[in-house]
1. Give me the 1.4 Å probe accessible area per residue for region 181-312, excluding ligands and nucleic acids, in Å².
2. Over region 187-346, with every protein chain in place, what whole percent of the accessible area is carbon and sulfur at 1.4 Å, could you tell me?
3. Would you mind calculating the gained length between Arg56 and Ser394 on full extension (0.36 nm times residue separation, minus the Cα-Cα distance), in nm to one decimal?
4. Using a 1.4 Å probe on the protein heavy atoms only, what accessible surface does Asp80 show? Give it in Å² to the nearest 10.
5. For region 83-94, just list the computed ³J(HN,Hα) in residue order, Karplus coefficients 6.51, -1.76 and 1.60, θ = phi - 60°, integers in Hz, with x standing in for Gly and Pro.
6. Region 641-767: Rg/Rh from Cα coordinates, Kirkwood Rh?
7. I'd like the Kirkwood hydrodynamic radius of region 68-187, using the inverse of the mean 1/r over distinct C-alpha pairs, in Å.
8. So what does Trp499 come to for accessible area, using a 1.4 Å probe and Å² rounded to 10?
Amino acid sequence: MKGLPVLSLLLWLCSVYFVGIYLFVSGFLLVRLEVNRTSGCGDVLQPGQEPADFCRVQPRFRRVVLLVIDALQLDFARFDPGNTAPRPYENKLPVLEETVSSRPAHSRLYPFRADPPTTTMQRIKGFTTGSLPTFVDVGNNFASSAILEDNLIHQFVQTGKRVVFMGDDTWESLFPKKFHRSLPFPSFNVKDLHTVDNGILQHLYNTMVGDDWEVLVAHFLGVDHCGHRFGPDHPAMAEKLTQMDGVIRSVIDRLQNDTLLVVMGDHGMTDTGDHGGESQKETDAAVFFYSPFPLFAGPLSQSEPDVVPQTDLVPTLALLLGVPIPYSSVGQVLLPLFPPHGQTEGAVGGLSQLEALWINAKQVNRFLETYSTMAKDIPPESLSQLKDTFSQLSSEYLTTIRGGPSPSPELATSLQAYLTSVRDTCRATWAQFNPFKMAAGLAILTLACLICFILSELSFALNGENRSGLKAQVAVALTAGLCVAVCQLYTRGYIEVLWCVAAAAFSSELLFLWRARQSGVCAVAKNGSIAPKCATWLTPRRLLAPPLLVLLLRCASLLSDSYVVAEGRVVTFLVFSLALYIPVHLNWDSLLLPPSHDPLKPAGLLPSPALSPSTVRKESSTLLSCLGLLIGSLYLSLSFHSCREEQGSCQPSPFLSPLSRLQDSQLKNLHYILSVVSLGLCTYLLRCCLRHYGNLNSSGGTVFTARCILPLLSVCLGLHWAVSATPEDTFRNLTELISLAQLALPRAAFCLLGLGLFLIWLDPLTVFVKTRAEYSARGPSLPPPRYRASTGISPQAELHHLIPQIYQRMRRSLDDGELSGGSEAESRPAVEAYGLGTVYSAPLLLFCGLLGIGLLLLHPEGMALSFLLLLLEMAALLHIHASSTNLKGLQGTFSGGYNVPWTPIVLWSLAATQFFHATGHLPTFPSIQWGAAFVGFPDGHTGTTLPASLVTLNTFAAHILFAVGCPLLLFWPLVCEIRGSRGGRAFGEGGEDAVMEMRLRENPQQFSSALLQLATRYLFIHGAQVFASVCAAAILRRHLMVWKVFAPKLMFEASGFVVSSVFLLVGVTLVARVDVAVGRWFKRLIPDASR
């Protein structure tokens, strides 16, 4: 097999797909244009007076203490005295409600609503700048960079206020060198509930009694980390909330009259303790205001807001502390914190509600005017209407200030409505799109899908004609990219690399299509078979075949938000339907059962089956049994699904929770036993398969991996689960040992996994060879079968999987030796090779199994049963495909060659998506299992590359396993081949016998073409789904659900395609590596063979 041309062609195809995806995404998910201007003390005019230094007037408050309790959900802050049996997160913060009830003029508690994405970095950015985030900002949560927009921290520092910070180290990266004093603590280790909080408490109270600060920020993380680790409904959450209750009480006792206290949550959390999305439980936090000096006019009234948007904190704090409102803020002042108009004298320290609204409206109008000159994305009619509204309100307000009639209540209401309209307009239009990049990305993806489909249908012809490889495509791509770069440099004065890469990809695609057209679709391949004509494979009957029709329906359905929400169950139904189509289609063609003999017809007029009816019935039984196993696996896999917010009545699988979250000891033990048994069955079944085909008899690296490393890896995994499930306070004397085990066991598993994969790559052969000398040493015995290349040790396995020809040249060499004469001992076979019939599939199967157990390490323990179902489903699909191929061959309808039909490939790819959902994942950001980043690293990471890689491996585990195992679809029909099922004339004189995978060695060109066809078909299926997601995002970019459903689906689909492509290349590369090793093995075995 010529592996390098196949790999280079696949690599080029994947690269073209990647360019198209990146180009579209860069046009679809643009970051909002930031206005890099800063408010100053002279920018804001004191109402009704000449310009003055706004910052020198005495503010309402001299100091502020900002306590950020990460993930302080609104339900945590409420107190219900009638609740006699509160849950762990209920009634644990009574100080808030008690203070509001006992001192209503001093305090308020409001719902505090965040804008999605509800990740910590974006929320800090939101309540310090007052701006609205964009969808793409969610990807920056673990790569926080300094905030360049004007913000509260910058305004505090600019006006001479000393800011002291302690807590989440994210603030340090967002506001570098801004703090007078900083005490950051690492934030990424979600399993650590106490380090950050205890570190804050060591310095908080001493700092408060000091006089070296005006702004004190303390960001507690314990509640958020407890939610991630245990969920809100856990005793550990009750302990953290009780601790926070004590902290708030202590801070209140230490406050001075000129100090404002703000206690707030940056976001909420779901019932599973996650956040990042836009469900109400994730967006609704709590905010609490308190001052020892009366702050409010009276008790809570009907006119006060029901919900406070998080952006409103920015202008409110700015005006209360006497600093300019940040330039890009679109927030609205919280009116209850300002006295009604007429009760102040106009000083900044005593701003009335109307005055605060005017300053706020003027600042927002200034930002709107600046932004509209820099960007043209706000609709002109909306912009014109907002300008007219502000002009009218300005005239009315200035008339009132200059001695006109007393302001009407409607003026304040109108100013609020104006501020709300600006924010709503910005939120609706700050999804910027670049139509040119989106269109270019769509064009490149369209051609990539077309090329993939052409290659999949004409691989046997095009692979033979493409002798020059990709030299012409690379040359044209480089030329096109260089030309675009020169044009950009000449016209713009700079080079945008993305357009150069896009031109290179597009030109190489056009050249390939032109060469495919010119090479002739009727070219004769080397093996003498005629390539299919264009008119043959473009007929509606072929294009609308059931497997392609299922793919078309799935792609079309991606434009429906309801389908995306229910995708897990729908894909399960599609797998079931397409699998059921196989026996139905065989029965329709009268291939499922042996043909019945009609005694009235002459025997010569009947087509005689290739084998006996009992063999046909046996294959049919195998197919139907595997279909039953597949259906059972599909049904049970539904028990491991997670739930989206849109699925209101849905309950997530209990297996998604780590064992450490379970409180019931019996239930925890039951889950652990199920997990260990499932893990043991996976290991046992894998070893049984390898042993059955004789692949555990040699002494190579792959066999050592199967015999030793695989069981050791499983043992490490089982012990790791036991240690992780142990509560921290169970064995206090063994705390250090348990901590060491939590660190050592997963790292040992990672090392074993790496060693096993390396050994498989280094020495992939699993062939056990017996030579003539070994037989002579044993003494006289019954002569074994001639030219044996058996796949097992037991006599039954040897007879069933007997390979009478190992290789044509080996047989001729042995025949020549026998004709030359010799003794009886010398007439025995020179070579017996065990495991040669599965020489390609065995290392690939072990590679998948080892990788699967390694990926299971990154999942919750309960997912072991789901991974067992995944293994069973893969086996069922392979055997269904093999039995179907055998039945077609037994009845004389086998078409020849190694063509893998569309049906098993579509099933294989749909199964990858199905098990993406069956391992607890969803195409939503809150469903990402962040805990995977800390497996083996309980103390956190110093960088972001390793944790991001671990989370990616966890999220796309199903895509990885099915992509690596994709070449098994080519090998398994040969592994399960029955004598005579493929016809003898097509494969040489020994073709009537089952030679299993050695058949691939007889025609390397056909082997390469078949592997290329399989890989391109698999790429086409996943690429078509990405293309459909791209079309859905482009067409529905103004849809109500675009950022909640379609954009996340696009990101996950594109990421899944990238991961699948990479690991498909890994699988194909491993096959090429095995082929090289097999060639060297034959060369050593028969020195005079040149193959």
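The values are calculated or read from the model by the stated rules, or taken from the named source; none is laboratory data. The model shown is predicted, which means the values in this text are computed figures rather than measured ones. FYI the Cβ positions are ideal-geometry reconstructions off the backbone, even for glycines, and counts take in every protein chain you see. Surface areas here come from the heavy atoms of the whole protein model, side chains and all, with no ligands, DNA or RNA. Shrake-Rupley method; radii C 1.70, N 1.55, O 1.52, S 1.80 Å.
1. Values: 4650 Å² over 132 residues.
That works out to 35 Å² for each residue.
2. On the way: 2480 of 5010 Å².
Exposed carbon and sulfur together represent 49 percent of the surface.
3. Numbers: separation 338, 0.36 × 338 = 121.68 nm, distance 2.51 nm.
Full extension from Arg56 to Ser394 adds 119.2 nm.
4. 80 Å²
5. Working through the residues one at a time gives 7, 7, 10, x, 6, x, 9, 9, 6, 9, 10, x Hz.
6. Numbers: Rg = 18.6 Å, Rh = 17.1 Å.
In region 641-767, Rg relative to Rh is 1.09.
7. On the way: mean 1/r = 0.0598 Å⁻¹.
Computed over Cα pairs of region 68-187, the Kirkwood hydrodynamic radius comes out at 16.7 Å.
8. Counting only protein heavy atoms, the figure is 60 Å².
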